[in-house]
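Notes follow once the structure below has been shown.
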Amino acid sequence: MKQGRAHLGLVGLGVMGQNLALNFADHGFRVAVFNRSPEKTREFLQRLDPERGIVPAWTPEELVARLDPPRVILLMVAAGPAVDELLDRFTQLLAPGDVVLDGGNSHFRDTQRRGAALAGRGFRFLGLGISGGELGARYGPCLMPGGDEAGYELVRPLLEKIAAWVNGEPCVAYLGPGAAGHFVKMVHNGIEYALEQLLAEAYDLLHRGLGLNYQELAEIFTKFNEGELRSYLVEITGQIFRRRDPQTGQPLVALIRDVAGQKGTGIWTSQAALDLGVPIPTIDMAVALRHLSARWEERQAAAALLPGPGPFLPQDPEGLGFIDKLAQALYAGMVMAFAQGLALLRRASEEYGYGVDLETV
Ligand SMILES: NC(=O)c1ccc[n+]([C@@H]2O[C@H](COP(=O)([O-])OP(=O)(O)OC[C@H]3O[C@@H](n4cnc5c(N)ncnc54)[C@H](OP(=O)(O)O)[C@@H]3O)[C@@H](O)[C@H]2O)c1
């Protein structure tokens, strides 16, 4: 590769963009980066060794000029109008056959619309679901590409290198045409909402119901993670109860306000399921309870009038009978959340022609 040329152009140096750029660079790819606000590009590059393989572009023109055809551009920006604005701008500079990936959490209907419009102009567009958050982006995300299949084959070597690898296989697979990738990512997030709600309810039953303290909770969730509930979310739930606030020395969980935010994908999952007539009550309830949690003032006012019970479960000194049943209920709830998500995917796949292979998912 000639000096100054890059394997791909990455647009958007937010949390995800910066970590993905470093991940690509770790795997020997040269990345040209562009961000709307140049100071973010400057700050990012100041922290890096110039030999790292990440080169700045100060304009879209400069970014495109650093790439050889077929050019590969990955957008990592806020979902919504930003993606349309950038697609308008970049497609004026690109040529038919070039590949554009949208790695943000775009709504699947937007991805469908963009894919169809860009295909009509000869561009290869992929909606790329990315899971694993900041650390995943840095060291190995799970990638859910959908859209132009020939475009996927062009970027496959890059995606396979940066993805997480489990049992000798990369966590990336082409999921289908159109918005298949973003649809799968959306449902993945919906299932995650449900799992988090189930864990929150298990915590509440043990803490307020059985009156167990944080140390005891940490031990119970750590034990849960040794059995059939073994999973990342159960593992970190066990860990969080051991965390202490460095300033006060108090358990961190006791200091966190019980208000959950949401960025949209959980709500979209419920909306899509309603449109398709697929019942996903565990996911729907998780979305509703996040909304309820956000009404903190109202909940405080109501609690003053109706404080509710203290420890309310029958005393069970060993805790074993109840805790075992709770583990089973948690497991059943998790299976239901996955089953609902997969049922939604199956129906959407028929309706929108994704042809998603549920085993691959
Ligand atoms: N964070 C996660 O765990 C996670 C995981 C998977 C997917 N995602 C998705 O990945 C995308 C990026 O997330 P992030 O966490 O990296 O976001 P972020 O840290 O908030 O960064 C947002 C980026 O979007 C750019 N941007 C916003 N509006 C723009 C516009 N109109 N034109 C050009 N650029 C614009 C920002 O540029 P400026 O610096 O100029 O503001 C910034 O580079 C989002 O779609 C998000 O939903 C996030």
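The values are calculated or read from the model by the stated rules, or taken from the named source; none is laboratory data. These numbers come from a predicted model, not from an experiment. Positions of Cβ are backbone-derived with ideal geometry, glycine not excepted, and every protein chain shown enters the neighbour counts. When the accessible area is computed, the model is the full protein with side chains, heavy atoms only, and any ligands, DNA or RNA have been set aside. Shrake-Rupley method; radii C 1.70, N 1.55, O 1.52, S 1.80 Å.
Note on the chain: with charges restricted to the Cβ of Lys and Arg (+1) and Asp and Glu (-1), its dipole about the Cα centre is near 900 debye. Every helix of 4 or more DSSP H residues in the chain counts as -39500 (n - 2.57), and over all residues that averages to -16500 deg cm²/dmol at 222 nm.
So what is the relative contact order of the chain, in percent, for Cα pairs below 8 Å that sit 6 or more residues apart? Could you put the intermediate results ahead of the total?
Numbers: 582 pairs, mean separation 47.8, N = 361.
Once normalised by length, the contact order is 13 percent.
Starting from the residue with the highest accessible area, list 331, 152 in decreasing order, probe 1.4 Å.
Putting 331, 152 in descending order of accessible area: 331, 152.
For the chain, the longest principal axis of the alpha carbon atoms and the long axis of helix 296-305 meet at an angle near 10°. Note the angle between two axes, namely the Cα long axis of helix 108-120 and the longest principal axis of the Cα atoms of the chain, as a number of degrees from 0 to 90, rounded to the nearest 10. Result, in degrees: 10. The residues of the chain expose, per residue, 51 Å² of accessible area to a 1.4 Å probe. If the Kirkwood radius is taken over C-alpha pairs of the chain, then at 25 °C and 0.890 mPa s the Stokes-Einstein diffusion coefficient equals 109 µm²/s.
Packing around the peptides 338-350, 249-261, 120-132, 181-193, taken as the average count of other Cβ atoms within 10 Å per residue, puts them in this order, highest first: 181-193, 120-132, 338-350, 249-261. Just the protein heavy atoms count here, and of the accessible area of segment 185-352 at 1.4 Å, carbon and sulfur take up 58 percent. Model label sites at residue 332 and residue 250, defined 7 Å from Cα along the beta-carbon direction, differ in position by 3.6 nm.
Share of segment 8-178's accessible area from carbon and sulfur, percent, 1.4 Å? Using a 1.4 Å probe with all protein chains present, segment 8-178 comes out at 52 percent carbon and sulfur. Once both labels are positioned 7 Å from their Cα atoms along Cα-to-Cβ, the gap between residue 139 and residue 5 label points is 3.4 nm. Among the protein heavy atoms, those of residue 161 account for about 100 Å² of accessible surface (1.4 Å probe, every chain in place).
Between residue 45 and residue 342, the distance separating the two model label sites (each 7 Å from Cα on the Cα→Cβ line) works out to 4.8 nm. To the nearest ten degrees, helix 81-91 and the longest principal axis of the Cα atoms of the chain are 20 degrees apart. Based on Cα contacts under 8 Å between residues 6+ apart, segment 185-352 shows a relative contact order of 35 percent.
The accessible-area ordering, largest first, of the residues 268, 58 stands as 58, 268, per a 1.4 angstrom probe.
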